[in-house]
Each structure stands twice: as structure tokens, then as C-alpha cells.
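Every read-out reported here was derived from the displayed coordinates using simple, explicitly stated rules and does not represent laboratory data. Note that the structure is predicted; figures quoted are calculated from it, not measured. Cβ atoms come from the backbone with ideal geometry, glycine included; neighbour counts cover every protein chain shown.
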Amino acid sequence: MAKQQAAAASAQSGGGAPILRLVLGAILILMFLLATMLQIQTSEAFILNGQAVGLSANWAILKQPFELAQGTLSLSMAKAVMWGWGIECIYLVCVVGEVALSGRWHGWFKTGAILLVAFDFYTDMQYGNMASGLGGQLAFAAVTSFIVAFFGYLGLELIMKSVQQIR
């Protein structure tokens, strides 16, 4: 009887310990932030016609929107920040799937978004510095795109479910 109650409780909660969900959710959020920063870096490298980006996230990127708003960036860096953050925001809008535009503007947005997300993949492939050749570059671009597309949402879901279970 006790085993049946434990199995029912586990099935009702979705299985797994809440603390493990919380930890996994936090790891997924961290990976999402890292991948997002790498995508912004590769997009900025494209605009700046710069070198390939090393595979270490630059946490200073998180300050860029504020620096742009304050007008403290050079003109070329301001353009790169607008491009890098702009394309990433478009990508995230596509992931969330909520677009307030309707009518003919909706079609334009969808077409532009698809092109820009594909271009974001291209810049990840071109400017993500991997020493493993074309296969490694494609793998990096694919996994980075996948992480940005899904890990933020999945991480938040896991965290929210674990908090509900703990209560």
C-alpha cells in the first residue's frame, strides 16, 4: 500500500526530486545565458568584420544595452550592439512565439525573422572559433541555436515546478 502511494505521489509530481529539478533548471538557464552571449558575440564579430570569437562568454555583453542607451559606445560598436542584440531579440521572439503584429506586417515579420535566424546560425558557424573544421563549426552553430531556442524555457519550467513541489 505504501509503495502504491509513493508511486502515485511520484507520478503526480512528474517524478524526480524537486531539488534535482531546481539544479537542472539553473544549469539550463546558465547554458542559455552562455549560448545567448556567444551568439551576440558572433553577430557583433560579423558586423565589425572581426576575428572569430573564442568559446568563452564575455559577461560584459550584458552591459551593452545600457551603454548603448547612455551613448558611451563608439559608432561602430553601437552598430554592432544594435545588430547583435537586435538579432538575438528577434530570435527569442520567434522562440516565445508571440508576435503582436497582424495582417500584412505579420508576414513581413515572419519572413524577416526566418532570414535573420538563419543568418544568426551562419554567423555562429563563421565566427565561433572551433579547431575541428567544418563539422565542428556546424555542430557548434546547431547546438548553440538549440540551446538558445529551448534551454531558457525548459530551465524556467523546471525551476517553477520544483518550487511548486517544495511548497
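Here MET160, MET77 are placed in order of increasing Cβ neighbour count within 10 Å, fewest first, which gives MET160, MET77. Straight-line reach from LYS79: taking Cα to Cα under 17 Å and skipping same-chain neighbours fewer than 8 places apart, the aspartates and glutamates in range are GLU44, GLU67, GLU88, ASP120. The 3J(HN,Hα) values that the Karplus relation (6.51, -1.76, 1.60; θ = phi - 60°) gives for the stretch 138-143 are, in residue order, 4, 4, 4, 4, 5, 5 Hz. Gly and Pro appear as x. Look at where the Cα atoms of the stretch 49-65 and of the stretch 118-167 average out, and the two centres are 16 Å apart. Based on C-alpha pairs under 8 angstrom that are at least 6 apart in sequence, the stretch 18-166 has a relative contact order of 43 percent. Close amide H partners of GLY128, meaning residues 5 or more places away or on another chain with modelled amide H under 5 Å apart, are VAL53. Using θ = phi - 60° in the Karplus curve 6.51 cos²θ - 1.76 cosθ + 1.60, the 3J(HN,Hα) couplings for the stretch 52-62 round to 4, 8, x, 8, 9, 5, 9, 5, 5, 4, 5 Hz; x is entered for Gly and Pro. Backbone phi angles across the stretch 156-161, fed through the Karplus curve with coefficients 6.51, -1.76 and 1.60 (θ = phi - 60°), yield HN-Hα couplings of 5, 4, 4, 5, 5, 5 Hz in residue order; Gly and Pro are listed as x.
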